[in-house]
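Note sheet for the following structure.
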Amino acid sequence: MPYLFLKDFHSLLRWIVILACFWALIRVWSGFFWSAEWTKKDQRAGLVFTSILNLQLIIGVVLYGLSPITHAAMANFGAAMKDGILRFFAVEHLAGMILAAVVAQAGYSISKRAITDRARFLTAGVAYSAAGLIILASIPWPFMKYGRPLFPTFGG
């Protein structure tokens, strides 16, 4: 039961991660292109994005340990690597999301130390853009063979 609830919550939280990423991207790229001054709102957008992404990652790691898909993959890892669905959930999804969280967090941390506002915007913009693309590529979208619904059913 906790697995199903966490899986559905994780699925719902993806939309908050995507929205937070989009908000952060709008803030940093508009600041970069308009040569704006870096403000607390710009830093807060990055903080919200990275914090929600980190929460999503923690929930995902817990799910990884509880998942029957992961258990099946670990039972015969060699065979799982030949199965696209098992490989996606056992390796690709987790690796992609860890990489996205590291890239976003690094961009947030480095941008805080940048000397100029333009450098802050550029550093954050590149990192958040890369993280966003990795996130989008690592989500099991419904049109993929291993896809999940766009919205959770919460037990249904």
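The values are calculated or read from the model by the stated rules, or taken from the named source; none is laboratory data. Everything quoted here is computed from the prediction, not taken from an experiment. Glycine also receives a Cβ, built like all others from the backbone with ideal geometry; neighbour counts cover every protein chain displayed.
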Is it the case that the range 119-131 has a residue that's exposed (fewer than 15 other Cβ atoms within 10 Å of the Cβ) and either farther than 25 Å from Gly60 by Cα or β-branched (Val, Ile, Thr) (or both)?
no
Looking only at helices (runs of 4 or more DSSP H) that lie completely in the range 39-156, which have at least 1 residues being among the charged types (D, E, K, R) and within 30 Å of Arg27 (Cβ to Cβ)?
40-66, 93-113, 117-138
Give Leu53, Leu25, Leu47 a once-over and let me know the one that is modelled with pLDDT of 95 or more, closer than 14 Å to Val126 by Cα and within 18 Å of the chain's Cα centre (by Cα).
Leu25
Out of everything in the range 1-30 that is among the hydroxyl-bearing types (Ser, Thr, Tyr) and loosely packed, with under 15 Cβ neighbours inside 10 Å, what residue ends up being nearest to Ser109 (Cα to Cα)?
Ser30
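Given the options Leu86, Leu66, name the one that is buried (at least 19 other Cβ atoms within 10 Å of the Cβ), more than 26 Å from Ala106 (Cα to Cα) and either over 14 Å from the mean Cα position of the chain (by Cα) or at pLDDT 95 or above (or both).
Exactly one residue qualifies, and that residue is Leu86.
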Listed by first then second residue, the pairs whose first member lies in the range 13-41 and is charged (D, E, K, R), whose partner is surrounded by 13 or more Cβ atoms within 10 Å (Cβ to Cβ) and not in a helix (DSSP H, G or I), with beta carbons under 9 Å and at least 6 positions apart or on separate chains, are Arg14/Ile139
Restrict the check to the range 31-52 and report whether at least one residue is buried (at least 17 other Cβ atoms within 10 Å of the Cβ), touching a helix residue (DSSP H, G or I) at 6+ places or on another chain (Cβ under 8 Å) and among the acidic types (Asp, Glu).
yes
Return yes or no: is Ala75 among the small types (Gly, Ala, Ser) and within 19 Å of Leu136 (Cα to Cα)?
no
